[in-house]
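To start, the structure under review is shown below, and the notes come after it.
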Amino acid sequence: MQTDPQGPIAIAGAGRMAQSLGRLLRERGERIAAVASRQMDHARAAVEFIGEGEAVSYPCLPRCAQRVLIAVSDGAIPHVAAVLAEAGMSGGAALHTCGAHGPEILAPLAARGVSCGTLHPLQTVASPAQGVEALQGCTFGITAEGAAAAWAERIAAMLGGRALFVPADKRPLWHAAAVMASNYVVALVDAAVMLMGAAGIEERDALAAVAPLVKASSANALSLGPVRALTGPVERGDVETVTTHLSALAAAPPAVRAFYRAAALQALDIARRRGIEETKARKLEEVLRESGGKNA
Ligand SMILES: NC(=O)c1ccc[n+]([C@@H]2O[C@H](COP(=O)([O-])OP(=O)(O)OC[C@H]3O[C@@H](n4cnc5c(N)ncnc54)[C@H](OP(=O)(O)O)[C@@H]3O)[C@@H](O)[C@H]2O)c1
């Protein structure tokens, strides 16, 4: 069966991603025929936010549209794919929004001739309304072929975003990178605030203090690239300062110490690309690795 690129869309899931994408697509002229959830009140709330569609259960979706956007929790995707397949979905296209997996988790649908793919928005969506703002212009990591690929590219273009094709077997790397750029930046801020706490500075003051630093450092890394943006003791080859840090960190939580060492080793790699004197680089590496052995 041919997939009609102008035909209606059905959405599996009524959470943050389902609502944000549904609303944006509706605003760009797509017809949202139905939204499914396990709980009808969730589906109804999503329909209200999106501004169009019928609130239904998952098995009802295939009769509503040939194109299904699956935005349920990662663990529920295979189950929802199986339910849609059992309910008779065949032909058409299905996209899921999970970053860690490729189209293979939609296997029951692929077996019924559905063109399957992944459309992962590289953005954090904390609420439907915030998602509507944030998803515009973001990058979409796509793993798909044929009709699913064409639909995924169309969604990225409609939202003013970029489409990047990610090979199926590289999706875990893509997702690890996304997690580092999002969740682990949060973890890094938390570790810095913990160290300030140990220096007697309250969390609120510490967050306010590091805010301009975090913003300027990430803005520089993103605009200049890491090699030109790096400053600080590792970039200067200042072994003495790094040694002082490592001694002071001896009383810090093990995860914070490990975080410092791992980030310093990555910074050293950047410093090498920038041309740090190799004797200084070796000394820094030695000090960082030795401290790992001592405090691990
Ligand atoms: N939020 C983000 O920042 C973000 C970013 C990129 C990609 N994604 C991806 O987008 C997808 C949805 O994430 P989300 O943040 O929108 O999640 P969410 O707000 O927690 O919503 C999850 C949805 O999944 C449904 N669900 C959960 N377990 C289910 C099950 N066993 N069977 C059927 N349905 C089930 C829920 O249904 P009920 O309404 O019935 O409870 C709910 O509608 C995930 O694959 C996620 O990896 C999210």
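Given the criterion in a strand (DSSP E or B) and within 14 Å of the ligand (Cβ to nearest atom), identify the matching residue among VAL72, VAL68.
Within the list VAL72, VAL68, the selection yields VAL68.
If we only count helices (runs of 4 or more DSSP H) wholly inside region 202-296, which ones have 2 or more residues that are surrounded by fewer than 17 Cβ atoms within 10 Å (Cβ to Cβ) and within 27 Å of the chain's Cα centre (by Cα)?
So the answer is 203-224, 226-229, 254-274.
Answer with yes or no whether GLU286 is farther than 25 Å from ALA199 by Cα, in the same structural domain as VAL185 (by TED's automatic domain parsing) and either acidic (Asp, Glu) or out of contact with any strand residue (DSSP E or B) (no Cβ under 7 Å at 6 or more places or on another chain) (or both).
Considered against the rule, which asks whether it is farther than 25 Å from ALA199 by Cα, in the same structural domain as VAL185 (by TED's automatic domain parsing) and either acidic (Asp, Glu) or out of contact with any strand residue (DSSP E or B) (no Cβ under 7 Å at 6 or more places or on another chain) (or both), GLU286 comes out as yes.
Answer yes or no: is there a residue in region 48-57 that is within 12 Å of the ligand (Cβ to nearest atom), assigned to a helix (DSSP H, G or I) and without any contact (Cβ under 8 Å) to a residue 60 or more places away in the chain.
The answer is no, given that none of the residues of region 48-57 is within 12 Å of the ligand (Cβ to nearest atom), assigned to a helix (DSSP H, G or I) and without any contact (Cβ under 8 Å) to a residue 60 or more places away in the chain.
Can you tell me which residue among MET17, MET40 is surrounded by fewer than 17 Cβ atoms within 10 Å (Cβ to Cβ) and of a type in the set (A, V, I, L, M, F, W, C)?
Every option except MET40 fails the conditions.
Name the single residue, out of those in region 75-85 being under 21 Å from the mean Cα position of the chain (by Cα) and among the aliphatic types (A, V, I, L, M), that is farthest from the ligand (Cβ to nearest atom).
Initially, region 75-85 is screened for residues under 21 Å from the mean Cα position of the chain (by Cα), giving 75-78.
Narrowing further to those that are among the aliphatic types (A, V, I, L, M): 76-77.
Numbers: ALA76: 3, ILE77: 6 Å.
Taking the candidates together, the pick is ILE77.
Name the one entry in GLY237, GLY275 that is at positive phi, in contact with a Lys or Arg (Cβ under 6 Å, 6 or more places away or on another chain) and outside the structural domain of GLN123 (by TED's automatic domain parsing).
On the way: GLY275 fails: in contact with a Lys or Arg (Cβ under 6 Å, 6 or more places away or on another chain).
Answer to the check: GLY237.
Which of the helices (runs of 4 or more DSSP H) found entirely inside region 86-180 contain at least 3 residues meeting this: crowded, with 16+ Cβ neighbours inside 10 Å, within 11 Å of the ligand (Cβ to nearest atom) and not β-branched (Val, Ile, Thr)?
Once the helices (runs of 4 or more DSSP H) in region 86-180 are filtered for at least 3 residues that are crowded, with 16+ Cβ neighbours inside 10 Å, within 11 Å of the ligand (Cβ to nearest atom) and not β-branched (Val, Ile, Thr), what remains is 128-134.
When you check SER223 against the structure, is it more than 13 Å from the ligand (Cβ to nearest atom) and either of a type in the set (S, T, N, Q) or on the phi > 0 side of the Ramachandran plot (or both), yes or no?
Spelling it out, SER223 is indeed more than 13 Å from the ligand (Cβ to nearest atom) and either of a type in the set (S, T, N, Q) or on the phi > 0 side of the Ramachandran plot (or both).
Among all residue pairs at least 6 apart or on different chains, which show Cβ distances below 8 Å where the first residue, located in region 118-139, is assigned by TED's automatic domain parsing to the domain that holds SER20 and hydroxyl-bearing (Ser, Thr, Tyr) and the second is assigned to a helix (DSSP H, G or I) and near the ligand (Cβ under 7 Å from one of its atoms)?
Close Cβ pairs satisfying both conditions: SER127/ARG16.
The values are calculated or read from the model by the stated rules, or taken from the named source; none is laboratory data. Note that the coordinates shown come from a computational prediction; the quantities given were computed from them, not determined experimentally. So basically every Cβ, Gly included, is an ideal-geometry build from the backbone, and we count neighbours across all protein chains shown.
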